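Take a look at the structure set out below.
Readers should treat all values here as calculations from the given coordinates under stated rules, not as data from a laboratory. Nothing here was measured: the structure is a model prediction, and the numbers come from that model. Cβ: placed from backbone, ideal geometry, glycine included. Neighbour counts: every protein chain shown.
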Amino acid sequence: MSTTLRENPVEQFLRTDRMPHIWCPGCGIGTSVNCFARAVLECGIDLDKLCIVSGIGCTGRVAGYLRLDSFHTTHGRAIPFATGLKLANPDLHVVVYSGDGDLAAIGGNHLIHAARRNIDITVICVNNFNYGMTGGQVAPTTHHEKVATTTPYGDPEYPFNLPDLAASCGAVFVARWTTYHVVQLTKTLVKALNKKGFSFVEILAPCPTLYLRRNKLGTSVDLMKYFKEKSVIKHGANTKEVGLETYDKEIIVGEFVDIDKPDYLDNYNEIMKKRLGDKFQPWGR
Amino acid sequence: MAADRVEIRLAGFGGQGIIMMGYVIGKAYSIFEGYEATLTQSFGPEARGGACSAQVVLSKDKVLYPYVVQPDIFVAMSQEAFTKYYPTLKKDGILIIEEELVDLSGVDITQKLFKIPATRFAEEKVGRRLTLNIVMCGFFTAVTGLISRDAMRKAVEDTVPSGTEELNLKAFDVGYEYGQQVLGK
Amino acid sequence: MAEIKWTTADPKGVLTGAHYIDGNHAACEGALAAGCRFAAGYPITPSTEVVERFAARIPLVGGMFIQMEDEIASSICLQGAVWAGLKAMTVTSGPGFSLMMEHIGFAAMTETPCVFVNVQRGGPSTGTPTLPAQGDMQQARWGSHGDYETILISPSSPQECFEFIIDAFNLAEIYRVPVMFMMDECVGHMTEKVVIPEPEKIKVVERRWTDKKPGEYLPYQPDPEDLVPYMVKAGDGYRFHITGLTHDERGYPAATDVEIHNNLVRRLCEKITKNAHKIWKWEEKDTDDCDILILSYGISARVALRGIELAKERKGIKVGLFRLIVVWPMPEQRIIELAEKVKAIIVPELNIRAQVAREIERIVKGRCPVIPLGHAGAGVHNPEDIYNAIVEAAK
């Protein structure tokens, strides 16, 4: 009996010449990438037109491992780079894949403005509640009172409710899953990739080396149990009610927002046509 | 005005179209006469409302120093502007005033002086108060003789909002003809 | 042989004719003539007219402008547009320029061709928003962290704003660097005649597209002659990777490899220093037989010409002018030749820290005195001050 090694279907999206990756054992980012790769397989988008843009941080390394046109930009600035990429060539499908610190702290201003403009990009935010790459500092997503290297006695701040932030700024598609919910997450990513306008998917993921260990929350397996037990699926939930202020709170997951409205380019082209008439050639349409 | 470099200051209050006057003069001399003209103006908070001034340097050759230091010609369109800038006018220069907005009493004017009620003319003879700056452009053209009437009219036509060309050319001619009258031509 | 493809301007972007416009508007027209089809910007005095005009003109030319949420966003947004295939710029002044520094470094590291326009005002901090300075000249060279080289160009009139920003775009494409177009408030806001030629008379450089196929192409394999790699754009099937990390020729991170880092950073610098003779651009006036040399750039060089006239008229002093148009890299050999002949070199500039003069001192190495003639900005030199410096130096 001969055994043939079956090729992993997502391998075609990976830069195998860059393996092994930098992520720690038990880290949730790899799981999210696996879901993303499967979503890419299903979404029907021409892969040559699919671009991935990351900022800096552990999740910021995702762009480097995906065999797509990929851009590893500066800290916090993946979204404005993606905005330029998309507006200069609207045929491209542009995905921003980055972490909570990158997108919500240093890049927070760009996140809210891109959502407000309804730029047609997909933003995937892996939230592991702290800064991993630099060694576990406090993030704007750290649970109240949890410990980080720069809040060694506990975080006095309150975390962002990221789905609510994105929704209230105008995102047309907003969802949250954990890395426990791989099937649901994959389906949601397919939707997000095909959604016209600004879509935002938060993925809660374990950071075993730093956040879990420092807060004595156990291993990644323990966090998977925690995700499983605490999660409540509520599609269409009011995003005001999905905050994660403290660690013991229930985790509301699901697809919260899915609305249709004209994106930036739709509006741009319509206004220009109205004002300039035939002198204007619609851009990218 | 035989000198190669002629410095002009135009000043008044916001809304009189001072900058446009500078623009028309500079454009006429550079684009339509084929020489060189550099226009500078105040920017920022001091340029919004209140006193407003534009400076034009005319030259047969390239303008090197771009700013006006001691103007050969000063067009004063408000009392405040007159008070502020008159002291810098060359002793043998030309002073042009909006005579109903600038009161010269108590000031010993040594320069050649030309006066016009540009705002009233714009209202009464052109029928549009806003054209007062173009009336002044016409008057300026006639009394200084620096730039041809033709070049100035072309610059006016090329500068004013489309649809108002005729009105503004009329305003220009009103000022120009009054200038000739004042000169006794 | 490095393959540089020259072509002529796309007529859609060219407003042929004589215009009476200010330097900011002229810079916008020059950018459009050069083929710039994307700009991202944030309002800041005294530069805003450039993007205001771009926003009005670009829908008719075919391209895109977006006002971003800040200068940080603008300075990276435009680089996204470049990798999507367009020529792009951003426009700013002092405080905004300071915010853009990280992305000037990103453009240098990723070899993203683009133009940063800085209409300089007085600093530090908010300084003099409505008045000129030339106080960002060293910042434009060194402002981002780490070693890199860039190109600085300084115009002295609206006509030159039009013409030289075309050079800026061309040099950005040839050498794949961010080019700093260093205007100042005086040049930006002065209105003069600007003659825009027929499109077929305007030479523009096409991007250095690779002729290699996906699979053969290496994003950072330099041309052996001029050390500049060839480019691709997103969406064409190359599946390439770009990173601000130290990277190998594949574009893959190699941030812990001393040799790769050393080779990369040296190449980023050498592609400018070794090709400098092809980048230099300067203008000389009466330098054949002069005792005193004025060496300057931008508005200061123009104002200095008036000071030179005064010295000739009043004292018959022989003064030459050496005007840097490309301020960096500098034509060192020619400056040395002149330094050996003249009694002194005077460097008027609108900063008081000898930002360019210190570079001249470094080149001249004591062959003659180099006299910085600084002015803190918020105005330009009085030609009398330049005259006085000439008289003093000629003693």
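Looking at region A:14-279, the pairs of alpha carbons with a distance over 22 Å make up 53% of the total. Select from A:217, A:244, A:227 the residue farthest towards the positive end of the dipole of region A:202-256; place +1 on Cβ of Lys and Arg, -1 on Cβ of Asp and Glu, and compute about the Cα centre. Ranked along the dipole, the leading option is A:217. For region C:1-158, the dipole from Cβ point charges (+1 on Lys and Arg, -1 on Asp and Glu) about the Cα centre works out to 380 debye, to the nearest 20.
Placing a pseudo-label 7 Å from each Cα along the Cα-to-Cβ vector at residue A:228 and residue A:279 gives an inter-label distance of 6.6 nm.
Among the residues of B:60-68, the average count of other protein chain beta-carbon atoms within 10 Å of the residue beta-carbon is 6. Annotation: amide H-H contacts under 5 Å for residue A:14 (H modelled 1.01 Å from N, sequence separation of 5 or more, or interchain): A:67.
Between residue C:382 and residue B:62, the C-beta separation translates, for a Förster distance of 22 Å, into a calculated FRET efficiency of about 0.75.
From least to most packed, judged by other beta carbons within 10 angstrom and beginning with the fewest, C:289, C:147 follow the order C:289, C:147. Among the residues of A:87-100, the average count of other protein chain beta-carbon atoms within 10 Å of the residue beta-carbon is 4. Give me the net charge of residue A:186's neighbourhood, meaning all other residues with Cβ under 11 Å from the Cβ of residue A:186; Lys, Arg count +1, Asp, Glu -1. Summing Lys and Arg as +1 and Asp and Glu as -1 gives +2.
Structure remark: mean-square fluctuation, Gaussian network model of chain C, C-alpha springs under 10 Å; the largest value among C:244, C:307, C:96 belongs to C:244.
The alpha-carbon atoms of region B:5-183 define a convex hull whose volume equals 108 cubic angstrom per residue.
Net charge near residue C:377: determine it from the other residues with C-beta under 15 Å of the C-beta of residue C:377, scoring Lys and Arg +1 and Asp and Glu -1. Local net charge: -3. Residue by residue, region C:377-391 carries 3J(HN,Hα) couplings of x, 6, x, 10, 4, 6, x, 4, 5, 5, 4, 4, 5, 5, 4 Hz when phi is fed to the Karplus relation 6.51 cos²θ - 1.76 cosθ + 1.60 (θ = phi - 60°); x denotes Gly or Pro. Summarising the label geometry, the points placed 7 Å from Cα in the beta-carbon direction at residue C:15 and residue C:259 lie 5.5 nm from one another. Is the shape of the protein assembly as shown rounded, prolate or oblate, going by the alpha carbon gyration tensor and its root eigenvalues a ≥ b ≥ c, with a/c under 1.5 for rounded and a/b larger than b/c for prolate? In terms of gyration-tensor shape, prolate. Classify region C:29-94 as rounded, prolate or oblate, taking a ≥ b ≥ c as the square roots of the eigenvalues of its Cα gyration tensor: rounded when a/c is under 1.5, otherwise prolate if a/b is larger than b/c and oblate if not. Oblate, because a/c is 1.5 or more while a/b does not exceed b/c. Where does the Debye-calculated log10 I(q)/I(0) of region B:87-185 sit at q = 0.14, 0.24 Å⁻¹, using only Cα point scatterers of equal weight, no solvent? Each listed q maps to, in turn, -0.53, -1.24. Can you classify region A:47-197 as rounded, prolate or oblate using the Cα gyration tensor, where a ≥ b ≥ c are the square roots of its eigenvalues, rounded means a/c under 1.5, and otherwise it's prolate if a/b beats b/c and oblate if not? Here region A:47-197 falls in the prolate category.
Within the shell of other residues whose beta carbon sits under 13 angstrom from the beta carbon of residue C:75, the net charge comes to -3, with Lys and Arg scored +1 and Asp and Glu -1. In this simple spin-label model, placing a label point 7 Å from the Cα along the Cα-to-Cβ direction at both residue A:271 and residue B:124 gives a separation of 4.8 nm.
With a Förster radius of 22 Å applied to the beta-carbon distance between residue C:367 and residue C:394, the computed FRET efficiency rounds to 0.80. In plain terms, the C-alpha convex hull of region C:6-205 casts an average shadow of 9.4 nm² when viewed from every direction.
Taking the inverse of the mean 1/r over every pair of distinct Cα atoms in chain C gives a Kirkwood hydrodynamic radius of 21.4 Å. Which FRET efficiency value, to the nearest 0.05, is calculated for residue C:213 and residue A:261 with the Förster distance at 41 angstrom and r the Cβ-Cβ distance? Approximately 0.50, to the nearest 0.05.
Largest GNM mean-square fluctuation across C:142, C:282, C:328, computed for chain C with C-alpha springs under 10 Å, falls on C:282. Close amide H partners of residue C:248, meaning residues 5 or more places away or on another chain with modelled amide H under 5 Å apart, are C:254.
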